[in-house]
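Only one structure is covered here, and it is reproduced in the block below.
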Amino acid sequence: MKFRPSIQAVQIAVAKQYQISPMMILAQCRMPEYSEPRQLAMAVAMKVCGQKRSVVARAFKRNHKTVYHAEKKLGKSPHLYSMMAKVLIGPRI
């Protein structure tokens, strides 16, 4: 059986990495210091959680088009894969 983190776990992991509150991942704020981690969290969630775009969108209080934009923007970014590893493996001790 394959381990799949929850969308909430992805949100928390990305928020910790960016040193922001997990609530700011869900906020309506469009400032880059919050929107960029949010987009990254959406893209990571789509890659690792195995959920439909609409489910991920609801978890972020957005619509599926916003999630699609995040995926398109960060699709092959090395930063995306680095964050996916941190979410899947967890912090190193």
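The values are calculated or read from the model by the stated rules, or taken from the named source; none is laboratory data. From a predicted model like this one, the values you see are computed outputs, not experimental measurements. All Cβ positions, even for glycine, are placed from backbone atoms using ideal geometry, and neighbour counts span all protein chains on display. When the accessible area is computed, the model is the full protein with side chains, heavy atoms only, and any ligands, DNA or RNA have been set aside. Shrake-Rupley method; radii C 1.70, N 1.55, O 1.52, S 1.80 Å.
Six or more apart or on different chains, Cβ atoms under 9 Å: show the pairs whose first residue is in the range 17-44 and at negative phi and whose second is among the charged types (D, E, K, R) and open to solvent by less than 30 Å² (accessible area, probe 1.4 Å).
From the range 17-44, the pairs are Met24/Arg38; Ile25/Arg38; Leu26/Arg38; Ala27/Arg38; Cys29/Arg38.
When the residues of the range 62-78 are filtered to those that are of a type outside the set (Gly, Ala, Ser) and exposed (fewer than 12 other Cβ atoms within 10 Å of the Cβ), which remaining residue is modelled with the lowest pLDDT?
It comes out as Lys76.
Within the range 38-73, how many residues are within 21 Å of Arg4 (Cβ to Cβ) and in a helix (DSSP H, G or I)?
Qualifying residue count, the range 38-73: 23.
Which of the residues belonging to the range 44-61 are out of contact with any Ser or Thr (no Cβ under 8 Å at 6 or more places or on another chain) and open to solvent by less than 30 Å² (accessible area, probe 1.4 Å)? So that I can check it myself, show each step before the final result.
Of the residues in the range 44-61, the ones out of contact with any Ser or Thr (no Cβ under 8 Å at 6 or more places or on another chain) are 44-48, 50-56, 58-59, 61.
Passing the criteria: Val44, Ala45, Val48, Val56.
I'd like the residue in the range 23-36 that is under 11 Å from the mean Cα position of the chain (by Cα) and surrounded by fewer than 21 Cβ atoms within 10 Å (Cβ to Cβ) and, out of all such residues, is farthest from Tyr81 (Cα to Cα).
So the residue we want is Leu26.
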